[in-house]
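The numbers here are math on the coordinates, done by the rules we state, and not lab data. These figures come from a predicted structure and were not determined experimentally. Cβ coordinates were reconstructed from backbone atoms using ideal geometry, including for glycine residues, and neighbour counts include every protein chain displayed.
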Amino acid sequence: MITPAYVRLMAAYNAEMNRRVYAAAGRIADAARRADRGVFWKSLHGTLCHLVWADRIWMHRFEGWPRPAGGLAQSGALFDDFDLLAADRAVVDAGMERWAEGVDEAWLTQELVWASGSAGREMRHGRSLIVAHLFNHQTHHRGQAHALITACGEDTGDTDLWLVVDDRATSGSD
């Protein structure tokens, strides 16, 4: 189910959706972005911070990127400044797209072993499962962000995968 082509497709989708989400979020007043709206990471800003933190922690495990500051509980406060958060999001997305270009079948079939702070133990799972989790996690919290953005009167445009990315550009022969 998880192929190198899938990884590239989802990395492209993730990057484009983040561009749309951050453009819309940037049109919202900072106080509204930070208002506690009752979602898991409290605010739009907290949700977007958590997503950057989570992507960075997985890329730390996949590729040896620097570990993000703090732990899961602090992830919603990774950045205080929205402009710095948005700039880092763009860096993370570009890095994830570069990483996706290098993913091959052999890498996907290997096991990933890591120390999970949230589970409090060593974890072992197939990389393909964790890659599916990575993209599912992004979509889950980005959906929350989209709802918060919509509630603030802004629009991200289309969000459906097939309307956002062209699968012909990412399908290849994998």
Next on the checklist: I want the local charge near Val113. Using Cβ-Cβ distances under 11 Å, sum +1 for each Lys or Arg and -1 for each Asp or Glu among the other residues.
Outcome noted: +1
Item to check | Spin-label model distance (nm) - Asp36 vs Thr150, 7 Å beyond Cα toward Cβ | outcome: 2.5
Checklist outcome for this item: Using alpha carbon centers only, region 45-120 is separated from region 133-147 by a whole-angstrom value of 14
Checklist entry - How do 69-78, 151-160, 133-142, 19-28 rank on mean C-beta neighbours within 10 Å, highest first? => result 19-28, 133-142, 69-78, 151-160
Next on the checklist: Using helices alone, I'd like the mean residue ellipticity at 222 nm for the chain: each DSSP H run of four-plus residues gives -39500 (n - 2.57), total over residue count, nearest 500.
Outcome noted: -19500 deg cm²/dmol
Checklist entry - At a Förster distance of 25 Å, what's the computed FRET efficiency of Asp104 paired with Asp158, Cβ-Cβ distance as r, to 0.05? => result 0.25
Item to check | Listed values (1) 10, 43, 40, 7, 0; (2) 10, 40, 39, 12, 0; (3) 10, 38, 35, 16, 1, entry calculated as P(r) over Cα pairs in 10 Å bins from 0, in percent | outcome: (3)
Checklist entry - Under the definition of Cα pairs under 8 Å and six or more residues apart, what whole-number percent is the relative contact order of the chain? => result 38
Item to check | Pairwise label distance in nanometres, Ala132 with Ala115, each label 7 Å out on the Cα-Cβ vector | outcome: 2.9
